[in-house]
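See below for the structure under consideration.
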Amino acid sequence: MHIPLEDFSMAYTDKGQGTHLLLVHGFPLTRQLWKPQIDSLSDKTRLLAPDLRGHGESSATPGPYTMDLLADDLNVFLDKIGITQPVVVCGLSMGGYVSFAFYSKFADRVAGLILTSTRAAADTPEGKQGRVEAAERIRKEGISAIVEGLLLKLMSPETYKKRPDLVSQVREIMEHVSKEAYLGDLMGMKERPDARSMLSQINVPTLIIHGADDQIVPSQEARTMLASIPGASMEIIPGVGHLPNLEKPEIFNHAVGQFLASFGG
Ligand code: MLT
């Protein structure tokens, strides 16, 4: 399905009934990331999975795509499809950065948070420099300049070795992201604010899920968030990298299902 927002058309999946779960994908991915959740959780949950601007089937605009801009898009999206009740926001990696921006702007819309493979800290100077260099390569050579290198880091070494089918699936997802979005995300993430000071003020139920072998965001970042968010719980999944919902969907779905059960229907 597509819905026109202010300056682009947003593609999304809306499936199931129950507690509303807004699924926010990471970089450079699309809502296809959430297929194992959309397939398995729709009997107890209404899953809302948009493609962020420029990703998948959503149309692109020139960047930067700041985390605030992407959060504003989600706010307009919920309005346009008539969602008035608070939603549980589940963000993976960059989707987690967007979830922090969404919570700080629209706390009334948030019933709970699922922070997956993400961190609250801003980029280090080296991290910012890495983004500038990646963007430079993409401008000159196209997205293929970074896809294979990034793919090697997205999943755990174990998944990479044993699941060539999954590796191909993720490559295909990465190839369905526009060049504008690669550049827009990189520049937006580079400028994102440090969210650590807001952690102690989060007052909705929060679940943190992280892969023990995440090569992009070390699992220590999850422990830091756990220590600062009041009442948060955490699931560290062994043998899993940056994409726990794809690498071990049964464990991920079980943790999410249990968390959602506490919200009633
Ligand atoms: C993501 O998975 O969304 C990104 O790798 C996050 C990042 O680059 O900081």
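If the condition is being of a type in the set (D, E, K, R) and either away from the ligand (no atom under 11 Å from the Cβ) or over 20 Å from the mean Cα position of the chain (by Cα) (or both), then the range 129-167 contributes 133, 136, 137, 139, 140, 141, 148, 158, 161, 162, 163, 165. The number of residues in the range 122-134 being among the small types (Gly, Ala, Ser) and surrounded by fewer than 16 Cβ atoms within 10 Å (Cβ to Cβ) comes to 2. The condition (being assigned to a loop (DSSP other than H, G, I, E, B) and farther than 12 Å from residue 120 by Cα) is satisfied by just one residue among 217, 240: 240.
Scanning for something touching a strand residue (DSSP E or B) at 6+ places or on another chain (Cβ under 9 Å), on the phi > 0 side of the Ramachandran plot and modelled with pLDDT of 95 or more, does the range 123-143 turn up at least one residue? No, that holds for no residue.
Beta carbons closer than 6 Å, at least 6 apart along the sequence or on distinct chains, pair a first residue in the range 120-134 that is farther than 24 Å from residue 227 by Cβ with a second that is charged (D, E, K, R) and within 10 Å of the ligand (Cβ to nearest atom) for 128/190; 131/190. Going through (1) surrounded by fewer than 19 Cβ atoms within 10 Å (Cβ to Cβ); (2) on the phi < 0 side of the Ramachandran plot; (3) out of contact with any helix residue (DSSP H, G or I) (no Cβ under 6 Å at 6 or more places or on another chain) one by one, residue 246 falls short only on (1).
If only residues of the range 136-187 that are polar (S, T, N, Q) and surrounded by fewer than 21 Cβ atoms within 10 Å (Cβ to Cβ) are counted, the one that is farthest from residue 35 (Cα to Cα) is 144. Within the range 206-262, no residue satisfies the criterion of being at pLDDT below 95 and touching a His at 6+ places or on another chain (Cβ under 9 Å).
Of note, residue 225 satisfies the criterion of being within 16 Å of the ligand (Cβ to nearest atom) and in contact with a strand residue (DSSP E or B) (Cβ under 9 Å, 6 or more places away or on another chain).
Listed by first and then second residue, the pairs linking a residue in the range 25-51 that is closer than 13 Å to residue 91 by Cα and in contact (Cβ under 8 Å) with a residue 12 or more places away in the chain to a residue that is within 14 Å of the ligand (Cβ to nearest atom) and of a type in the set (Lys, Arg), with Cβ atoms under 8 Å apart and 6 or more places separating them unless they lie on different chains, are 25/31; 49/31; 50/31; 51/31.
The values are calculated or read from the model by the stated rules, or taken from the named source; none is laboratory data. None of the values given here were measured: they were computed from a predicted structure. Cβ sites come from the backbone with ideal geometry, for glycine too, and all protein chains shown count toward neighbours.
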